[in-house]
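J.: One structure is given below, represented as structure tokens, and several questions about it will come after.
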Amino acid sequence: MITCYLKYVIDPYKLKEFEHYAKLWIPLVNRLGGTHHGYFMPHEGANNIALALFSFPSLAAYESYREKMAADPECQAAFAYAEETRCILSYERSFMRPMFE
């Protein structure tokens, strides 16, 4: 299993827009083969950082998701919404391997 960790730098004045964007992606990731663990929104501390975590059985499954995502009209509409609202200033993506007991 791999978990994708996304760290977003968001416009704190467009938090509602980013929350809408986040709510679009949770069912999309799940529908396209991943398990979304949710978005983590600013509360205390930095008001411009949000996180998202979602997992796939393997890196190959993630790559398959990326191919499906590129052709999916709902995914493309979600990307377009973020571009239109400019709620995301930047992001960084990392892949983690969970470790349990």
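The values are calculated or read from the model by the stated rules, or taken from the named source; none is laboratory data. Only a predicted model underlies this, so the values are computations on that prediction, with no experimental measurement involved. Virtual Cβ from ideal backbone geometry, glycine too; neighbours counted across all protein chains shown.
J.: I'm told Glu92 meets every condition in (1) free of Cβ contacts under 8 Å to residues at least 24 places away in the same chain; (2) within 15 Å of the chain's Cα centre (by Cα); (3) exposed (fewer than 12 other Cβ atoms within 10 Å of the Cβ) except one. Can you identify the failing condition by its number?
T.: (1)
J.: Okay, moving on. Return the residues of the range 27-58 that are surrounded by 16 or more Cβ atoms within 10 Å (Cβ to Cβ) and within 15 Å of Met69 (Cβ to Cβ); say none if nothing qualifies.
T.: Matches in the range 27-58: Leu28, Val29, Leu32, Gly34, His36, Ala52, Phe54, Phe56.
J.: Only one residue in Tyr39, Tyr21, Tyr13 is part of a strand (DSSP E or B) and either of a type outside the set (S, T, N, Q) or touching a strand residue (DSSP E or B) at 6+ places or on another chain (Cβ under 6 Å) (or both). Which one?
T.: Details: Tyr21 fails: part of a strand (DSSP E or B); Tyr13 fails: part of a strand (DSSP E or B).
When all the criteria are applied, what remains is Tyr39.
J.: Further question on the same structure: Please determine whether any residue of the range 28-35 is assigned to a helix (DSSP H, G or I), under 15 Å from Phe95 (Cβ atoms) and at pLDDT 95 or above. Lay out the reasoning, then the answer.
T.: Initial filter on the range 28-35 (assigned to a helix (DSSP H, G or I)): 28-31.
Retained after the next criterion (residues that are under 15 Å from Phe95 (Cβ atoms)): 29.
Subsequent filtering for residues that are at pLDDT 95 or above retains 29.
Yes, that holds for at least one residue.
J.: Identify all residues within the range 39-60 that are within 17 Å of Trp25 (Cβ to Cβ) and small (Gly, Ala, Ser); write none if there are none.
T.: If the condition is that a residue be within 17 Å of Trp25 (Cβ to Cβ) and small (Gly, Ala, Ser), then Ala50, Ala52, Ser55 are the ones that fit.
J.: Do the conditions hold for Ala82, that is, is it more than 28 Å from Met1 (Cα to Cα), within 15 Å of the chain's Cα centre (by Cα) and in contact (Cβ under 8 Å) with a residue 24 or more places away in the chain?
T.: Numbers: more than 28 Å from Met1 (Cα to Cα): yes; within 15 Å of the chain's Cα centre (by Cα): yes; in contact (Cβ under 8 Å) with a residue 24 or more places away in the chain: yes.
So Ala82 passes the test.
J.: Something else now. Condition (residue is closer than 16 Å to Ile26 by Cβ, in contact with a Leu (Cβ under 8 Å, 6 or more places away or on another chain) and assigned to a helix (DSSP H, G or I)) applied to the range 82-92: is it met by at least one residue?
T.: Looking through the range 82-92, none of the residues is closer than 16 Å to Ile26 by Cβ, in contact with a Leu (Cβ under 8 Å, 6 or more places away or on another chain) and assigned to a helix (DSSP H, G or I).
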